[in-house]
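This report refers to the structure that appears directly beneath it.
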Amino acid sequence: MLTSFAGNVHGPVEVGHIILVSGKTIDGAMNLVINLSNGKVGEVDIPFHFSVRFHSENIIRNTLMEQAWGDEEIEDNLMASPNPIMSGWDFKVYILTGDDRFHVSVNDQPFCTYSYRMPLDTIRAIQVLGDLQKIYQVDHRRAYPSPWPFVQQDIRKGQEISFDTPRQFFPGHLMVISAIPSGNPNGTMIFKMTEGSTKRQMLHISCRVHQRLTIVNMMTESHEWRHEEQHGFPYEIDQMFKMAIGFTETAYVVAVNGERLFTYDYRFSNSFLDTLMSFRVQTSNGMQVEVQGIDHMDMGMSDCEGFETFSHPDVQIF
């Protein structure tokens, strides 16, 4: 089964940011596309289009502006190979935003540069499309003037998917995850947010299929678990769900498919929101989760009033 990803970024892209996408294409793949666009759907502009064409063994770079493609860039590569990404293999594409151009490396080797044809701050979304078997990470990070997250990992294989952001979280922020669980019905999927470089879990949502329970917890300063809370289980194997996680002044608020699932009070002052750096999706016991999108929004209200609406399957976030 093929997979894809489309999500709104956490704030505009700026100089010194990094977009890191890694995954695996299917055997016999025809194409792989990474778009940095000003939206996810409709007639959007694409300031940077990175298209791997396996049949012609090259990688095309271009810009779509006002529904018109510019001149393709294929040559002037920094590597001998016009396409170092192999069909059916793992890949990693690293895009750094410089003063006047993108700097792109592929599988840890410099590949090309691409001069800006549109302002960086028009980039609002990341799309990963094509003949994809797995996506390991879609990280949006900051390298300059100071790195964020402090610890930046490459995720290859394993049972964890990474979605870093380049900015701190704040009351009124909303994150919406679209995903499909599959595999072993006795497995578990975990959504977690970690603090700084300590790997201390400041939000741990464990969805236990065999128990039909959602367990919520967070760690103390000594990395011990606090008393867990148990909530319902609004997920079904092989069916897409949307989970909205809101950050308020005093608590996390979580809704699934349009209905509030729980409110989980912070065990500390909300100043710890400034230290949240990484969002991860983890699975165990044969469970798999296909994350098709993560959207970031500023609700404009610190209590995230009405946030449940954005978790409804029929509500599209542009």
For the chain, what does the relative contact order come out to in percent, with C-alpha contacts under 8 Å and a separation of six or more? 21
What is the gain in length, in nm to one decimal, between Thr198 and His55 on full extension, counting 0.36 nm per residue of separation less the C-alpha to C-alpha distance? 47.1 nm
To make sure I understand the rule: partners must be lysines, Cα under 17 Å from the Cα of Lys92, and not fewer than 8 residues away in the same chain. Which ones qualify? Lys24, Lys134, Lys157
Would you work out if the stretch 168-318 is rounded, prolate or oblate? Take a ≥ b ≥ c from the square roots of the eigenvalues of the alpha-carbon gyration tensor; rounded if a/c is under 1.5, else prolate when a/b is larger than b/c, oblate otherwise. oblate
How about the stretch 44-105: which chymotrypsin sites (Phe, Trp or Tyr not before Pro) there are in a DSSP loop, with at most 12 other Cβ atoms within 10 Å of their Cβ? Trp89
Can you classify the chain as rounded, prolate or oblate using the Cα gyration tensor, where a ≥ b ≥ c are the square roots of its eigenvalues, rounded means a/c under 1.5, and otherwise it's prolate if a/b beats b/c and oblate if not? prolate
Virtual spin-label span in nm between Ser182 and Ser115, 7 Å along Cα→Cβ: 4.4
Pairwise label distance in nanometres, Val41 with Asp314, each label 7 Å out on the Cα-Cβ vector: 1.3
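Bear in mind these aren't lab numbers, they're just calculated from the coordinates by the rules spelled out. Since the model is a prediction, treat every value here as computed from it, not as a measurement. All Cβ positions, even for glycine, are placed from backbone atoms using ideal geometry, and neighbour counts span all protein chains on display.
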